[in-house]
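Every number here is computed from the coordinates shown, using simple stated rules; none is lab data. Because the structure is predicted, anything quoted here is derived from the model rather than measured. Here the Cβ positions follow ideal geometry from the backbone for every residue, glycine too, while neighbour counts run over all protein chains shown.
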């Protein structure tokens, strides 16, 4: 690459970074504010996000124009959201199961891919609501997940650009490096340590949870990259300036919140996912 070709590339990279920062400064406080409010407001945001994830997934796998498949999945996620808002977790699972069956039956091609898309969006929807459900610890647990995901992304971005080095998995994501993975993990440990300092959990278990969430976040990022690479797609959409689509922005969060929900369920039960994450 010549100097004349490098300059526009550097300028484009700087512009994208500025867009990413501006978008984050707008979206992050909004997400935290709605998460703090909890209740139906959080469930509405989560449901809209899940619908967006599902539609973007269908676009990636080439099924975005299959109207019956789109409508069936959106209807299932919407009904599930209404059920979750009223505390009917069992009914939401039934609605999602019926939607899964409808999507699988109605999809003429790539049936397993369209069904997987609904499962992906549904897991994000249910897990996000379950984590916030606990009135005492739900918000703090959700903040921990968000902060770890953001720290992993930011630490990975800057460590990868600054250090470079060997690629993490070039066949799936050519731009990700081992340095970025380590940098993101280290940043997540710093965030988890901050929660320990503020007395929100014992050091060992909370650091272990932070490590688990960071690894899950990076695996979720790789999963989305693998799906996009499989279908030759660069961004899931152009909805968020500097970030791409919802899947591009939420891939790590989806994996982390699902991992957290499973962990919390094992410790606290359906009504105590947040408590299971934050009390040791």
Quiz item: Can you pull the Rg over Rh of the range 80-169, Cα-only, Kirkwood?
Solution: 1.14
Quiz item: Of all the C-alpha pairs in the range 75-123, what % are more than 14 Å from each other?
Solution: 46
Self-check item: In Å, descending, principal axis extents of the Cα set of the range 136-280
Solution: 43, 30, 25
Self-check item: Nearest-0.05 FRET efficiency for residue 109 and residue 266, computed from C-beta distance (R0 30 Å)
Solution: 0.20
Practice problem: Using 0.36 nm per residue of separation minus the Cα-Cα distance, give me the extension gain between residue 27 and residue 190 in nm, one decimal. | Solution: 56.4 nm
Quiz item: Per residue Cα convex hull volume for the range 110-159, in cubic angstrom?
Solution: 67
Practice problem: Match the structure shown to one of the listed values (1) 1.24; (2) 0.98; (3) 1.04 of Rg/Rh (Cα atoms, Kirkwood Rh), computed from it, and give that label. | Solution: (2)
Practice problem: Calculate the translational D of the range 38-133 in whole µm² s⁻¹ from Stokes-Einstein, where the hydrodynamic radius comes from the Kirkwood formula applied to all Cα pairs, the temperature is 37 °C and the viscosity 0.692 mPa s. | Solution: 256
Quiz item: Using the Kirkwood radius built from alpha carbon pairs, what does the Stokes-Einstein equation give as D for the range 14-69 at 20 °C and 1.002 mPa s, in µm² per second?
Solution: 159
